[in-house]
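Below is one structure, written out as structure tokens; comments come after it.
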Amino acid sequence: MEKKSVVLYKNQAALVEDREGDKYLVKYLVSPATATGKKAVYGEQKVREKDVILLNSSVCSSLDAVLSSNPENFKDSITEAWELLTSDESTAKEAISFSDLCDLACGGLKADDSFAFYKALADGLLFSLNQNEIKNGNLLFTPRSQEEIDSINQKNYEKEHEAEIRQAFIARLKQKKLNLPEDAKFMGEVEAFALCKTDKSKVMQEAGFSQTIEKAHKLLIDTGIWDYTKNPHPSRFGFSFSSASDQLGPMPDEERVEVPGIAYAIDSEHSNDPDDAVAFDGSYLWVHIADPASSVLPDSKIDLAARGRGTTLYIPEGASRMLCESCLEDYALGLKEDSRALSFRLKLSDDCQVEECAVLKTKITVHRMTYKEAEEKKESSELKPLFEIARKNKARREANHAVTIQMPEVSISVDKETKKVTIEADEKYESNGMIAELMILAGEGAAKFAFKNQIPFPFVSQEAPEFPDKIPEGLAGDFAKIKCMRKRSVGITPAPHAGLGLSFYSQVTSPLRRYGDLIAHQQLRAFIDGRRLMPKDEMLEKVAAGDAASIAAKKASRKSDTHWKLVYLLQNPEMTFEGVCIDIRGSEALFLIPSIDMQTTIKGITDVKLNDVRTLKMKKADIPELTADFDIV
């Protein structure tokens, strides 16, 4: 660089005054002259060549002359250069150097005008300055597209007129007549509020709407931001629609007992995560359970994530799994030729008392079948003993005053593309009950094993309900029982589970989808391997955290089911349903609609008795409020 060259120094015009070794002495403006007569103040600084960028190597008149040149004088020539460079819309816009742009726009540029030309480029909209190249001492400009320029202009306009634009939006919001998609950006905070991500909405307050999540939900539907089918409930409880992401990896290689014969994984036809299988070898009942605890160690990253979820969240849209989706291939039972399990080998008395329980790490062969298939084969030599054991166990529990409740259940599915809802009644077979009884035996056996071996363990109990002297028959009776049932408890000391009619019980049969079961498996495996057991307080603290998350998941699941039932009603407004009266409160009657597993209250009715059937038709469904009104027809 020569003396009197014009350079950029800290993005301001500067003049090279002299060179001293490998450094340059540059002059720059510190403060300009004022109208009151105060003179301009200049400073000098020794800099390295990399600290400045050369604008023009020609000799300039003076720094004052450089600073007095007007950027406005070059706007037309810059526009012409931009038009020339962007005339071919199909060609990608390439960066052009400052010197080449000077030649293109002005046919060369005087040194005195170089900084003004730079300012016109850098402050204008037609070209963008490559900031990364400035660090390398280069000035490269890229012509912007017309779309980019329009977008910048729009943002500038919105910034300058922010108050009046917001005021106009609020006026439209009050009338629920938004300009979409433009107004959608203003509704983000309403969405966040409706999803319980924030505790208030300034937009709703300004528009005069009461700030409840139900009102926010309704507002989003009424303004077209959300479709009425959108399910916000998992998000409100902090759940993702996706499964856990951390990978378990393949099951570790360890010594296992090879159990001969075939075990049967019997489940719903919709199930794709089989986590239990059963068999009877003539002497022992085997209940084999998926073994993710072989990989999920206490307080590992995967364990902490599972604790945060508490359970697999099942909603009509699908399953959001407690453990990663990919683990099913290795850890679910029956998806491969050989399966690995944590198995409960039970020796039963003639009346089905658990006389002995062994817990073993096993390798098994599993055959999958549906409840319907099992029902059809219940007299086969393989399955008949399992049904007989289940019947005996049910009789034993009922003799101990176990509570049996049989309310209708349904399966809800949603088409991902059309959002069309299908609801089907779950058909119950004896095989459903058979598997339930064998899982109860496994839970009882595990609890007795843990107590016998002094393993800190999550024992599950339930206090006895206090039933009225007379309980109605049918669905009304089952509903009356539900109202009397006590909550279950988890503790470190075994206590009776009155609902099941057992003195010992723990849940151990679903470690792929229940965190409490996973904890139980971790304790059992630690005992088998001779490793450290979690102390009682530590274990209970973890179980409590998992239970809290599980309760939230159940609420999210229940509300999601109700949401999609209401969508179903709105999609089928002409349908009628059979309703069964299950409770009477003065002039109000509570009806259960078995085909959709939904309850509704009919007011002002006097000619109905418990278990009476009436034909009902939906009168109104309110998705934000999760309510539906029915009339008797």
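Numbers below:
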read-out: Global form of region 47-102, assessed from the alpha-carbon gyration tensor, a/c cut-off 1.5; value: oblate
read-out: J(HN,Hα) series, region 404-416, from Karplus relation 6.51 cos²θ - 1.76 cosθ + 1.60, nearest Hz, glycine and proline x; value: 10, 10, 10, 9, x, 10, 9, 10, 10, 10, 10, 5, 5
read-out: Karplus (6.51, -1.76, 1.60) ³J(HN,Hα), θ = phi - 60°, over region 318-324, in Hz, Gly and Pro reported as x; value: x, 10, 10, 7, 5, 10, 4
read-out: Members of Lys23/Lys93; Lys416/Lys609; Lys185/Lys416; Lys361/Lys416; Lys155/Lys197; Lys361/Lys487 lying beyond 30 Å, as alpha-carbon distances in this model show; value: Lys23/Lys93; Lys416/Lys609; Lys361/Lys416; Lys361/Lys487
read-out: Antiparallel DSSP beta bridges within the chain, as percent of all bridges there, nearest 5; value: 90 percent
read-out: Pairs beyond 24 Å (Cα-Cα), from Lys177/Lys603; Lys174/Lys215; Lys363/Lys536; Lys372/Lys555; Lys176/Lys202; Lys218/Lys420; value: Lys177/Lys603; Lys363/Lys536; Lys372/Lys555
read-out: The chain, helix-only ellipticity at 222 nm - DSSP H runs n ≥ 4, -39,500 (n - 2.57), divided by all residues, nearest 500; value: -10500 deg cm²/dmol
read-out: Accessible-area value, Met485, 1.4 Å probe, nucleic acids and ligands omitted, Å²; value: 50 Å²
read-out: Only Lys, Arg (+1) and Asp, Glu (-1) charged, at Cβ; region 103-249 dipole about Cα centre in debye; value: 700 debye
read-out: Loop-located trypsin sites (Lys or Arg not before Pro) in region 1-106, at most 10 other Cβ atoms within 10 Å (DSSP); value: Lys10, Lys38, Lys39
read-out: Within-13-Å neighbourhood charge of Asp629 [Cβ basis; K, R +1; D, E -1]; value: 0
read-out: Those aspartates and glutamates that a straight Cα-Cα span of less than 20 Å connects to Lys200, excepting residues fewer than 8 apart in one chain; value: Asp183, Glu189, Glu191, Glu214, Asp222, Glu625
read-out: Net dipole in debye of the chain [+1 Lys, Arg Cβ; -1 Asp, Glu Cβ; about Cα centre; nearest 20]; value: 1960 debye
read-out: Residue-by-residue Karplus 3J(HN,Hα) for region 554-559, coefficients 6.51, -1.76, 1.60, Hz, glycine and proline x; value: 5, 5, 4, 5, 5, 5
read-out: Asp299 versus Arg532: modelled label distance in nm, points set 7 Å from Cα along the beta carbon direction; value: 0.6 nm
read-out: Theoretical gain in end-to-end length, Val633 to Ser57 [0.36 nm per residue, Cα-Cα removed]; value: 198.0 nm
read-out: Options Ser68, Asn130, Pro32, ranked by Cα towards positive dipole end of region 1-145, top entry (Cβ charges); value: Pro32
read-out: Using alpha-carbon coordinates, inclination of helix 146-160 to the longest axis of the chain, degrees; value: 80 degrees
read-out: Average projection area in nm² (convex hull over Cα atoms of region 217-325, one quarter of hull surface); value: 10.0 nm²
read-out: Farthest toward positive dipole pole in the chain [+1 Lys/Arg, -1 Asp/Glu at C-beta], among Leu285, Ser503, Asn611; value: Ser503
read-out: Amide H contacts under 5 Å for Ile315, placed H, 5+ residues apart; value: Ser320
read-out: Accessible-area ranking of Tyr24, Tyr284, largest first, probe 1.4 Å; value: Tyr284, Tyr24
read-out: Euclidean distance of C-alpha centroids, region 144-204 and region 588-605, integer Å; value: 43 Å
read-out: Global geometry of the chain, whether rounded, prolate or oblate, following the gyration tensor of its Cα atoms and the 1.5 cut on a/c; value: prolate
read-out: Distant-in-sequence amide H partners of Leu140 (H built 1.01 Å from N, under 5 Å); value: Asn130
read-out: Whole-percent carbon and sulfur share, accessible surface of region 136-219, 1.4 Å; value: 48 percent
read-out: Gyration tensor verdict on region 1-104 (Cα atoms; rounded if a/c is under 1.5, prolate if a/b is larger than b/c, oblate otherwise); value: oblate
read-out: Charged-residue dipole, Cβ positions (Lys, Arg, Asp, Glu), region 514-633 about Cα centre, Debye nearest 20; value: 360 debye
read-out: Loop GluC sites (Glu not before Pro), region 318-371 (other Cβ atoms within 10 Å of the site Cβ: 10 or fewer; DSSP); value: Glu337
read-out: 5 angstrom amide H check on Ala265, placed H, neighbours 5+ away; value: Val278, His367, Arg368, Met369
read-out: Solvent-accessible surface ranking, highest first, for Leu178, Leu85, Leu173 at 1.4 angstrom; value: Leu85, Leu178, Leu173
read-out: Å² per residue, accessible surface of the chain at 1.4 Å; value: 52 Å²
read-out: Rounded FRET efficiency, nearest 0.05, which uses the C-beta distance separating Glu373 from Gln406 and R0 of 25 Å; value: 0.65
read-out: Sites matching trypsin sites (Lys or Arg not before Pro) across region 537-633 that sit in DSSP coil, with at most 10 neighbouring C-beta atoms within 10 Å; value: Lys609
read-out: Nearby lysines by direct alpha-carbon distance to Lys38 (threshold 27 angstrom, same-chain neighbours under 8 apart not counted); value: Lys4, Lys10, Lys27, Lys46, Lys119
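The values are calculated or read from the model by the stated rules, or taken from the named source; none is laboratory data. Please read all numbers here as calculations on a predicted model, not as lab measurements. Note that each Cβ is placed from the backbone with ideal geometry, even for glycine, and that neighbours are counted across all protein chains shown. All accessible areas refer to the heavy atoms of the entire protein, side chains included, with ligands and DNA or RNA removed. Shrake-Rupley method; radii C 1.70, N 1.55, O 1.52, S 1.80 Å.
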